[in-house]
1. What accessible area per residue, rounded to a whole number of Å², is obtained for the chain using a probe radius of 1.4 Å?
2. Charges only on Cβ, +1 for Lys and Arg, -1 for Asp and Glu: so what's the dipole of the stretch 176-254 about the Cα centre, in debye to the nearest 20?
3. Any chance you could run the full-extension gain for GLN220 through SER99? It's 0.36 nm times the residue separation minus the Cα-Cα distance, nm to one decimal.
4. Put +1 on the Cβ of every Lys and Arg and -1 on every Asp and Glu Cβ in the chain; which of ASN108, GLY121, ALA171 then has its Cα farthest towards the positive end of the dipole?
5. If Lys and Arg each add +1 and Asp and Glu each add -1, what is the summed charge of the other residues whose beta carbon sits under 12 Å from the beta carbon of TYR107?
6. What ratio of Cα Rg to 2.2 N^0.38 Å holds for the stretch 161-202?
7. At 1.4 Å probe size, with no ligands or nucleic acids counted, give the accessible surface of ILE11 in Å², nearest ten.
8. Evaluate the Kirkwood expression for the hydrodynamic radius of the chain, namely the inverse of the mean inverse distance over all pairs of different C-alpha atoms, and round to one decimal in Å.
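The values are calculated or read from the model by the stated rules, or taken from the named source; none is laboratory data. Small disclaimer: the values here were computed from a predicted structure and weren't measured. No Cβ is skipped: glycine too gets one built from the backbone with ideal geometry, and neighbour counts run over all protein chains shown. When the accessible area is computed, the model is the full protein with side chains, heavy atoms only, and any ligands, DNA or RNA have been set aside. Shrake-Rupley method; radii C 1.70, N 1.55, O 1.52, S 1.80 Å.
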Amino acid sequence: RHSCSSVVAVISHRGRAALLRRFSSAARAPPVIDLSPLRDGGLSSSSPLVREVADACEQWGFFQVVNHGVDEDLCARAEEQQRAFFALPMEVKECMRRSADNSRGWYNDELTKQRRDWKEGLDFGSTPPMDWSLADADARNGTLDGYNRFPPADLLPSFRPTMLEYYDALAGVATGLARLFSLGLGMPADFFEPYLRRTQHTSYLRLNYYAPYTGEDPTQLCISPHKDAGFLTVLRQDVGCHSLQVRDRQAPDGGG
């Protein structure tokens, strides 16, 4: 129903009314959707929530969600660990740099639309056994794009366990949204589940750090306009930074 490569859902712990007030000055803005009914169960293709999500996918390919079930304390701990990671000395992060034979890890040289981004990032994700108790370099964890890499435990002992807990929580949100997509497309709620089983899907979690720009190019962006790849992106923004923009396909110039 939607034309974007990936639907983007932004999770927020702000109340729906507060988010709507924030967007009230805009002629059009992406919808804010309350996911409480999803946790209550008993949804059908005619449920208002299913219709809301289907309309958002069709018109925007993007929406914000509240009451999504991800613990606020977990989000705070995850953010604390992310900030600690990106504050590590460069030589520590260089040891985790992505390579030709392992695309998982740290990087600061990614291109978007053939232009270098102004950001750092760290990618890690699902493994064939999806057994977090295995060592990351265990042969059973090998994937087409490599192995997960995390900072040394003696430097950031809480990083890996916190990030894996966070990954699992966001995967739960994605699974619930996939059920809503299925119903909105007129299919059974579990239509996508064979492809999204814990040991089946290829999801990854990307941590992005957009540092203040210190260069001289007035056209430089932290990341160029793009569509995400894949099935669904679940995104959480830094509440102190409001730079995310969404293209409005109905705008006269195709922008927005």
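1. 55 Å²
2. It comes to approximately 400 debye.
3. Value of the extension gain: 41.0 nm.
4. ALA171
5. Counting the neighbours of TYR107, the net charge comes to +2.
6. It is 1.27.
7. For ILE11, solvent-accessible area is about 10 Å².
8. Its Kirkwood hydrodynamic radius stands at 19.8 Å.
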